[in-house]
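The values are calculated or read from the model by the stated rules, or taken from the named source; none is laboratory data. This one's a predicted model, so the numbers in the text were calculated from it and none came from an experiment. Cβ: placed from backbone, ideal geometry, glycine included. Neighbour counts: every protein chain shown.
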Amino acid sequence: MSTPPRVELADAVALAVVRAREHLVSRQAPEGWWKGELRTNVTMDAEDLLLRQFLGILQTDELEQAARWIRSQQRDDGTWATFFEGPGDLSTTIEAYAALRLAGDDADAPHMTRARGFVLAHGGIEASRVFTRIWLALFGEWAWDDLPAMPPELVFLPPWVPLNVYDWACWARQTVVPITIVATLRPRRPLPFTLAELRTGGGPASSASGLIAKAFGVLDRVLKAYDRLPVHPLRGLAFRRAAEWIVARQEADGGWGGIQPPWVYSILALHLLGYPLEHPVVTAAINGLEGFLVREPTDQGPVRRLEACQSPVWDTCLAVTALLDAGAAPDDPPLRDAGRWLVAEEIRTTGDWAVRRPDLPPSGWAFEFANDIYPDIDDAAEVILSLERLAAVIPGADAAIARGTRWTLGMQSRDGGWAAFDADNTRRLIEQLPFCDFGAVIDPPSADVTAHVIELLGHRGLAESQAARRGVAWLLRAQEPDGSWFGRWGANYVYGTGAAVPALVAVGVPRTAPPVRRAVRWLEEHQAADGGWGEDLRSYTDDAWRGRGTPTPSQTAWALLALIAVDPETDAVARGVAWLIDAQQPDGGWDEDVYTGTGFPGDFYINYEMYRLVFPLSALGRFMSTRSVTV
């Protein structure tokens, strides 16, 4: 792609910004928030159907609509993947296959035969992840004896003892506590069919390697022997304590943590402990799932899919920043509405984070509409950055900003970095448990969250504070040898580097400093021939994909945000800006089928609908501001 003349490019950017601003404002809810859909993979839909089947509440129309969606996501090779154009995933394919059998699909139908061939070629049910085998065990398709032991007595361990529930990341602890109940009670409610055709006849895969993992294998056998004893003196009390722990963490929307895994396992656990479906806690939980359902018509009929999570606070603060970057006035009505909504969303109650920070006054913002027990540091930083620019016109903003900044500073980990939800959640011993074969189970500091907090401190005039200095030192230590940064919550090195560079510049690190120059060089070296940037999610597991992939609007914008912060006059910036302009759609937005969000590196990914709009608008707006162009 040739670089357009600077004057011509500036005019094109101004037009693109106007169209993108109008499109973004049109997406705002009357209450002031924005929310795009979060797409993940069909395990959400398969597990929702299996949950309803287990509870005896599955409706025919729900089954048909969800099955129609699951079929639409199957690829030509018969598999289902965890992200767009990703490789087939064994466990996802098994769960999708089970859901379609539940919907009445013939096991010998061509699409099912292709799926079964993939499953058997990759080890069958025996090679699936633990979570998948738990779902199968609920229906008698896997032996509970062949799953890791998870005793509910875990809830008795105090926070200072290794392997206590607070050693798990917040998303994991909320899932593990109810699973200890389910796995101990060992229910079995057979399906009207069997999945024996997905077995290879082998034994379950073993992932134990190293002395610690083998020691946990021995511990697993000891716990299973304990489970076989006729008397368990603390078991009843453990069940009660675990149930109380679960109920105390139910949110206003009926869910747990605003995410699917703890939500469904908590329903299962309470149900198995004797909570009837009519109990207010269970009723609220099941009804709350309705708010996470997306329904839409298709040529084949209506489909129904379940979001794993929702992101209104995150989407709203990023939308505010994008509009301000693009020249909108702080007192524009859409921004006033958004600012008031964000101020009202501040969390003023204590959550699990206080286990590590008991004396810290509460504040912060959650990702979701309802997740008051788990405000997250990333949202807090980005909300404060957006409110800072609206404070003069939003009542209560200054006080919320002050409280939120104090809380964010207080959540700094001992090593100087910031994690997503907890401070000092870094005990890696728990990763060796036989149960932990899927997803991140702890919440250590990450480069992207740390960078966002550092950027906040720079804009708040706290660049010289001890917290900022320690954070910068952490971030510089985390830089990869090639000059990039790992992206924990976005794909991947492009995301991490796109966050780190503006943060360093914001706190006064010279643009000519070697870490900054190495990062700029890495971004420029990974710019695609057409001017965009893209990075395949396989970069989390295969270094050959680092900085490589189909260019996307969000990833191109991340790279541009870093490069513009250092030098907006480079050829790389001009080519990237031109790429965004060329990719803009007639409605003012951008299309992006590729997943660029990360839930669990290597395992679970997200397509954020709003990323394709807010980040390109921010990048174009910041580029436009360097040329003193107004719209």
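Return the total of residues in the stretch 485-511 being part of a loop (DSSP other than H, G, I, E, B) and surrounded by fewer than 24 Cβ atoms within 10 Å (Cβ to Cβ).
The number of residues fulfilling the criteria is 7.
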Can you tell me how many residues in the stretch 602-611 are outside any strand (DSSP E or B), at pLDDT 95 or above and surrounded by fewer than 24 Cβ atoms within 10 Å (Cβ to Cβ)? 1
Restricting to the stretch 128-154, give me the number of residues that are of a type in the set (D, E, K, R) and over 12 Å from ALA98 (Cβ atoms). 4
Is there a residue in the stretch 83-106 that is crowded, with 17+ Cβ neighbours inside 10 Å, under 27 Å from PHE600 (Cβ atoms), over 24 Å from the mean Cα position of the chain (by Cα) and aromatic (Phe, Trp, Tyr)? yes
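Taking GLN53 as the residue in question, decide whether it is over 18 Å from SER91 (Cβ atoms), in a loop (DSSP other than H, G, I, E, B) and among the polar types (S, T, N, Q).
Taking the combined requirement at face value, the residue does not satisfy it.
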Being within 21 Å of the chain's Cα centre (by Cα) and over 28 Å from ALA248 (Cα atoms) narrows it down to one residue among ILE373, ILE384, ILE394; which is it? ILE384
Number of the condition not met by ASN425 [criteria: (1) farther than 19 Å from TRP256 by Cα; (2) under 23 Å from the mean Cα position of the chain (by Cα); (3) surrounded by fewer than 22 Cβ atoms within 10 Å (Cβ to Cβ)]: (3)
Quick one: in the stretch 406-417, which of the residues that are within 24 Å of the chain's Cα centre (by Cα) and within 25 Å of GLU251 (Cβ to Cβ) is surrounded by the fewest Cβ atoms within 10 Å (Cβ to Cβ)? GLY410
Does ALA319 satisfy the condition of being within 22 Å of SER618 (Cβ to Cβ), touching a residue at least 40 places away in the same chain (Cβ under 8 Å) and out of contact with any Pro (no Cβ under 8 Å at 6 or more places or on another chain)? yes
Give the residues of the stretch 428-463 that are surrounded by fewer than 16 Cβ atoms within 10 Å (Cβ to Cβ) and without any contact (Cβ under 8 Å) to a residue 40 or more places away in the chain, sorted by residue number. ARG428, GLU431, GLY461
Of all residues being farther than 28 Å from LEU270 by Cβ and either aromatic (Phe, Trp, Tyr) or surrounded by 15 or more Cβ atoms within 10 Å (Cβ to Cβ) (or both) in the stretch 191-204, which is modelled with the lowest pLDDT? Just the residue, please. PRO204
Of all the residues that make up the stretch 346-399, how many are touching a helix residue (DSSP H, G or I) at 6+ places or on another chain (Cβ under 7 Å), hydroxyl-bearing (Ser, Thr, Tyr) and in a loop (DSSP other than H, G, I, E, B)? 2
For GLY140, state whether it is among the small types (Gly, Ala, Ser), within 25 Å of GLY602 (Cβ to Cβ), surrounded by fewer than 18 Cβ atoms within 10 Å (Cβ to Cβ) and at pLDDT 95 or above. no
Check the stretch 54-62 and report whether any residue there is under 25 Å from the mean Cα position of the chain (by Cα) and without any contact (Cβ under 8 Å) to a residue 60 or more places away in the chain. no
Among the residues of the stretch 230-246, what is the count of those that are among the aliphatic types (A, V, I, L, M) and crowded, with 16+ Cβ neighbours inside 10 Å? 4
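Kindly indicate the residue of the stretch 311-336 that is surrounded by fewer than 18 Cβ atoms within 10 Å (Cβ to Cβ) and assigned to a helix (DSSP H, G or I) and also nearest to the chain's Cα centre (by Cα) among those meeting that condition.
Here the residue is ARG336.
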Condition (residue is part of a helix (DSSP H, G or I) and within 27 Å of TRP353 (Cβ to Cβ)) applied to the stretch 210-228: is it met by at least one residue? no
Tell me yes or no: at least one residue of the stretch 525-540 is closer than 27 Å to ASN41 by Cβ, outside any helix (DSSP H, G or I) and among the polar types (S, T, N, Q). no
Index of the failed condition, TRP263 passing every other in (1) crowded, with 21+ Cβ neighbours inside 10 Å; (2) over 17 Å from the mean Cα position of the chain (by Cα); (3) farther than 25 Å from TYR611 by Cα; (4) not small (Gly, Ala, Ser): (2)
